[in-house]
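Engineer: Following this message is one structure expressed as structure tokens.
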Amino acid sequence: MDAQVMDLIMRVETRTRQLLLQYQALQQECDTLRAQLEENKAQIQTLQIEKKEWQDKYDLLKMTRYIDLADDDTRQMRKRINKMIRDIDQCISMLKVD
């Protein structure tokens, strides 16, 4: 019976050592994954900041484009007004002649 008890104790010790080694390996893997998670969080934060910067640049570009279009519209309106003024001046000069 002592041999059976000793054999059982040896198997329990062996299994305990195996479990301890597995626990340590899993603990290492957990630490590695936590470090990777923190790294990924930092990368996400950096990318969010970069995305915000690009969005701001895009909004500025859209506004600049809108202002350019408005400037073109303003130029066109000035040309039309100047033409109208010339036409009115011609009409006035024709009326003075009669």
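Rule-based calculations on the coordinates, nothing more; no lab input. Everything quoted here is computed from the prediction, not taken from an experiment. In this analysis, Cβ positions are derived from the backbone assuming ideal geometry, glycine residues included, and neighbour counts consider all displayed protein chains.
Engineer: Separation of region 6-28 and region 49-98 by C-alpha centroid, Å?
Structural biologist: Answer, in whole Å: 83.
Engineer: With a point put 7 Å past each Cα toward its Cβ, work out how far R86 is from T74 in nm, to one decimal.
Structural biologist: A separation of 2.2 nm, rounded to one decimal place.
Engineer: Given the options Q45, L20, T74, identify the residue whose Cα lies farthest towards the positive end of the charge dipole of the chain (+1 on Cβ of Lys, Arg; -1 on Cβ of Asp, Glu).
Structural biologist: Of Q45, L20, T74, it is T74.
Engineer: Cα-based Rg of region 44-98 per 2.2 N^0.38 Å, rounded to two decimals?
Structural biologist: 2.35
Engineer: Further question on the same structure: Counting Lys and Arg as +1 and Asp and Glu as -1, what is the net charge of the other residues whose Cβ lies under 15 Å from the Cβ of I85?
Structural biologist: +3
Engineer: Helix 2-97 sits at what angle to the longest principal axis of the chain, using alpha carbons and giving 0 to 90 degrees rounded to 10?
Structural biologist: With both axes taken from Cα atoms, the answer is about 0 degrees.
Engineer: When the chain is treated as a GNM, springs tying every alpha-carbon pair under 10 Å, which of K41, K79, K57 comes out with the largest mean-square fluctuation?
Structural biologist: Looking only at K41, K79, K57, the largest GNM fluctuation is found for K79.
Engineer: With a Förster radius of 35 Å, plug the Cβ-Cβ distance of D31 and Q55 into 1/(1 + (r/R0)^6) and report the FRET value to the nearest 0.05.
Structural biologist: Efficiency computed from Cβ-Cβ geometry: 0.45.
Engineer: OK, next. So I have (1) 0.94; (2) 1.88; (3) 1.19, and one of them is Rg/Rh (Cα atoms, Kirkwood Rh) calculated from this model. Which one is it?
Structural biologist: Correct label, based on the coordinates given: (2).
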